Amino acid sequence: MAAEDRRQQILDVALQLFSQRGFRGTTTKEIALAAGVNEAIIYRHFATKSELYSAIMDCKAKSPNVQQMQSLLNEAMESGDDRRVFELLAFNVLEFHDQDDMAMRILLYSALEGHELAEMIYRNHIAKTHRQLTDYVEKRITEGAFRRVDAVMAVRCFMGMVINHVMFKKFFQRYDTEPMTMTNRQAAEYFTNLFLVSMTTTATSPQQ
């Protein structure tokens, strides 16, 4: 197997095991066994465990779909298209987690175990997205398009709706007595409607 293909194979196996057993419950020996290679081969491709964890993060954050979404999001923000900004982000987050069964599990395992990957994911991905959205909301407040609210909390509320929907579908939908029929596109539109109504009305304020 070519070196690059072997590296990707090891990465795929590691992702699978980490998502099933967590980081503390997975050893490099087990990764090597599942990949059908000697443990030394793993360290030939990933000198340290931190390097392996960084590769996991890069694999998720630098995929073509994520890069395309970021480009479209930047365009929507530059044009000031509020509906496009929030629908686009919500839809892509929902689609990403529908297509990737491991990402949410990796994130939760790393956070619950206090693993260094949790900080890496938060700092290099989650925090950047929240900061970008917060800057956009603050800009729209300054322009008078949004009413004056705490931009950080507004973004957390919006992302909270989206991520709660992801977790419900991934972990709890099987227990629900009423099957979910809403598509990701419809859910993205619904969350955006709720958010924009709350941001553009001047009838009430959070304090009241």
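Observations, loosely collected:
- Search result, residues across the stretch 22-51 that are under 16 Å from E113 (Cβ atoms) and in contact (Cβ under 8 Å) with a residue 24 or more places away in the chain: G22, F23, R24, S50
- Of the residues E39, E51, E113, E95, the single one that is within 30 Å of I141 (Cα to Cα) and out of contact with any Pro (no Cβ under 9 Å at 6 or more places or on another chain) is E95.
- Residues that are of a type outside the set (S, T, N, Q) and outside any helix (DSSP H, G or I), drawn from the stretch 1-47: M1, A2, G22, F23, R24, G25, G36, V37, F46, A47
- Of all residues in the stretch 23-41, those that are surrounded by 15 or more Cβ atoms within 10 Å (Cβ to Cβ) and modelled with pLDDT under 85 total 1.
- Residue match in the stretch 63-77 (condition: touching a helix residue (DSSP H, G or I) at 6+ places or on another chain (Cβ under 7 Å), under 30 Å from R24 (Cα atoms) and surrounded by 15 or more Cβ atoms within 10 Å (Cβ to Cβ)): no
- Qualifying residue in the stretch 87-102 (condition: more than 22 Å from E30 (Cβ to Cβ), assigned to a helix (DSSP H, G or I), modelled with pLDDT under 85 and among the β-branched types (V, I, T)): no
- Residue, farthest from the chain's Cα centre (by Cα), within the stretch 42-56, restricted to residues that are among the hydrophobic types (A, V, I, L, M, F, W, C) and crowded, with 17+ Cβ neighbours inside 10 Å: I42
- Residue list for the stretch 170-195, filter: without any contact (Cβ under 8 Å) to a residue 60 or more places away in the chain, in a helix (DSSP H, G or I) and out of contact with any Lys or Arg (no Cβ under 9 Å at 6 or more places or on another chain): F171, F172, Q173, R174, Y175, Q186, Y190, L194
Every residue, every condition in (1) farther than 21 Å from L88 by Cβ; (2) out of contact with any Phe, Trp or Tyr (no Cβ under 9 Å at 6 or more places or on another chain); (3) at pLDDT 95 or above, yes or no:
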residue	(1), (2), (3)
Q173	yes, yes, no
E178	yes, yes, no
R185	no, no, yes
T192	no, no, yes
F195	no, no, yes
T200	no, no, no
S205	yes, yes, no
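- Residue match in the stretch 59-66 (condition: in a helix (DSSP H, G or I) and modelled with pLDDT of 85 or more): no
- Some residue of the stretch 141-148 being closer than 23 Å to Q20 by Cα, assigned to a loop (DSSP other than H, G, I, E, B) and without any contact (Cβ under 8 Å) to a residue 12 or more places away in the chain: no
- Selection within the stretch 84-128 - in contact with a helix residue (DSSP H, G or I) (Cβ under 8 Å, 6 or more places away or on another chain), within 24 Å of N193 (Cα to Cα) and surrounded by fewer than 18 Cβ atoms within 10 Å (Cβ to Cβ): R84, E95, D98
The values are calculated or read from the model by the stated rules, or taken from the named source; none is laboratory data. Just so it is clear, the structure is predicted and the values come from calculations on it, not from any experiment. Virtual Cβ from ideal backbone geometry, glycine too; neighbours counted across all protein chains shown.
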